[in-house]
Amino acid sequence: MPMDEDEAQRLDRLHGVLRHILRRLYLAPVDPSSLHRVLDIGAGVGTWARDMALMLPQGADTQVFGVDLQTSWDEFLGDDLPSNCHLMYGDILRGLMFRDARFDFVHQRNLVRSIPSSKWSDVLREHVRLLKPGGWLELHEPDYSFSRKSMDPAPFADRLSAEIGRCCAITGVHLDMVSSLHLCLEEMGLVNVSYRRLDIPLGEWGGPTGDILKNIMSRDFEGFEASISRSLGPMAAFDFEDLIRGFWDECEQIKTCITLHIICAQKAPLPTPISPSTSHNERK
Ligand SMILES: C[S@@+](CC[C@H](N)C(=O)[O-])C[C@H]1O[C@@H](n2cnc3c(N)ncnc32)[C@H](O)[C@@H]1O
């Protein structure tokens, strides 16, 4: 979706809702005082990187970097950026310009639609390259397969999920990848890998958060509608509008949720060197 004022506001509100739901900026078991260099990939308008920089102790040895393909941060954040936050151009699909093992923490949220499934292993390898030994990776990705609180059938949610999946597949993106990323990270030798699925209510039934999320997601769906009409023709887009209307009605009846996949993983710490006295004792 192009970064304009509306998209910037949408990402800003989404960040606010997610922060409210999670009650924190990240879930990995990391003490903030141990974080000196933090990276946010696909930083959007830079709100996560900004808030992280504000949360960490201020000082020259604590720096938060955000990279993205778009670079119009001045337009959206203005002067609202702490001095330890740096936003810059970077394309995760081409590899980032940082040296190996530069970061204590790498965060990536909501990029699934921009990463073709054939590229995920390169992307994960790039994350691992950037982490210091002992550093943490955290990924938050939706898969647009909707869950629900009731046992009733969900024809609109099922159809919407299938249409979104079809639309993404045109560019080689397979959204269901996100439920196996933790397994790829384990195979790559990361440790303390955790995976959880968080079902977030969509629609008025979910109270103020569900209502705000409905607004945010409506614009997201408009983006899909535009790509469907580009690839499949305007008739398909017309059907899509009906589908969205039915979907929002259905959300209220069957209490639909969107699922966020949250993965945390640690790059194996370097082995602690055995001190001469210990090794001597051990030999005894
Ligand atoms: C849906 S937004 C999410 C923004 C932010 N992570 C958040 O959760 O608020 C996706 C962002 O990823 C950026 N993006 C897409 N492909 C990228 C790539 N190959 N490298 C870096 N950023 C990318 C887009 O420009 C956009 O700002």
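Tell me which of LEU35, MET97, PHE76 sits at the most positive position along the dipole axis of the chain, charges placed on C-beta atoms (Lys, Arg +1; Asp, Glu -1). Highest projection toward the positive end goes to LEU35. With neighbour counts taken as other beta-carbon atoms within 10 Å, the residues HIS36, HIS127, HIS140 rank, fewest first, as HIS36, HIS140, HIS127.
For region 42-117, the calculated P(r) over all alpha carbon pairs, in 5 Å bins from 0 to the bin holding the longest distance, is 3, 15, 26, 25, 19, 9, 2, 1 percent. Placing unit charges on the Cβ atoms only, positive for Lys and Arg and negative for Asp and Glu, gives the chain a dipole magnitude near 1340 debye about its Cα centre. How far is helix 120-130 tilted off the main Cα axis of the chain, in degrees rounded to 10, range 0 to 90? For 120-130 against the chain, the angle is about 30 degrees. What's the FRET efficiency of ARG197 with ALA101 using the Cβ-Cβ distance as r and R₀ = 41 Å, to the nearest 0.05? That gives a FRET efficiency of 0.85.
Any idea how far the Cα center of region 137-161 sits from the one of region 66-88, in Å? When both Cα centres are located, 32 Å separates them. Using alpha carbons only, how many angstrom separate the centre of region 10-34 from the centre of region 173-204? So the separation of the two Cα centres works out to 17 Å. Rg and Dmax of the chain, based on Cα coordinates, read 20.8, 81 Å. Straightening the chain between ASP239 and MET151 buys 29.1 nm, computed as 0.36 nm per residue apart minus the Cα-Cα spacing.
For the chain, the antiparallel share of DSSP beta bridges with both residues in that region comes to about 50%. Can you list the residues of region 256-272 with backbone N under 18 Å from a point 7 Å past the Cα of ARG125, pointing along Cα to Cβ? Counting backbone N atoms under 18 Å from the label point, the list is 267-268. Within region 1-143, the ratio Rg/Rh, alpha carbon atoms throughout and Rh by Kirkwood, equals 0.93. Solvent-free Debye calculation, one equal scatterer per alpha-carbon of region 180-266: log10 I(q)/I(0) at 0.20, 0.23 Å⁻¹ equals -0.89, -0.98.
Every read-out reported here was derived from the displayed coordinates using simple, explicitly stated rules and does not represent laboratory data. Keep in mind that this is a model prediction, so the values were computed, not measured. Quick reminder, even Gly has a Cβ in these numbers, built from the backbone with ideal geometry, and neighbours come from all protein chains shown.
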